[in-house]
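Presented below is the structure to which this report refers.
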Amino acid sequence: MYPVPKLARQIIEEWSNDLAAYFNCTKEVVLGCNESWISFPMSSVRIELMDESFVEFRYAFYIVNEEKRAIAVFTEHCGHFILPYHDAKVFVDGALRYEQNA
């Protein structure tokens, strides 16, 4: 399997409980054989990190997991990403939606 789909699948597996809660479905649905159950919004998600780096994706959504100390970003076309949440800010369509303060 190519690296991007392989990593995307791994992230879905590791975040399956969070995804099930986000979409109000079961973990079994999340771990099904494809990602057709995911509904990607028309939104842009921008994550600003503690060192002033940032990433921005279209057709994406995010999930914060305090226990994992991470932010997962799920995109329709570009794979899925895990970022540190330490002092991070998350903007959706330009509006601040999450801010983690150490």
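The values are calculated or read from the model by the stated rules, or taken from the named source; none is laboratory data. What you see is a predicted model; the values in this text were computed from it and never measured. Here Cβ is always computed from backbone atoms with ideal geometry, including for glycine, and neighbour counts include all displayed protein chains.
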Going by the structure shown, is Ala72 in contact (Cβ under 8 Å) with a residue 12 or more places away in the chain and either in contact with a strand residue (DSSP E or B) (Cβ under 8 Å, 6 or more places away or on another chain) or among the small types (Gly, Ala, Ser) (or both)? yes
Residue check: is Phe91 without any contact (Cβ under 8 Å) to a residue 60 or more places away in the chain, surrounded by 13 or more Cβ atoms within 10 Å (Cβ to Cβ) and of a type in the set (Phe, Trp, Tyr)? yes
Of the residues in the range 1-21 that are farther than 18 Å from Tyr62 by Cβ and outside any helix (DSSP H, G or I), the one that is modelled with the lowest pLDDT is Met1
Subset of the range 22-54, residues modelled with pLDDT under 90, among the β-branched types (Val, Ile, Thr) and farther than 13 Å from Ile12 by Cβ, comes to Thr26
Suppose the filter is touching a helix residue (DSSP H, G or I) at 6+ places or on another chain (Cβ under 7 Å), among the small types (Gly, Ala, Ser) and crowded, with 17+ Cβ neighbours inside 10 Å; does Ala72 pass it? yes
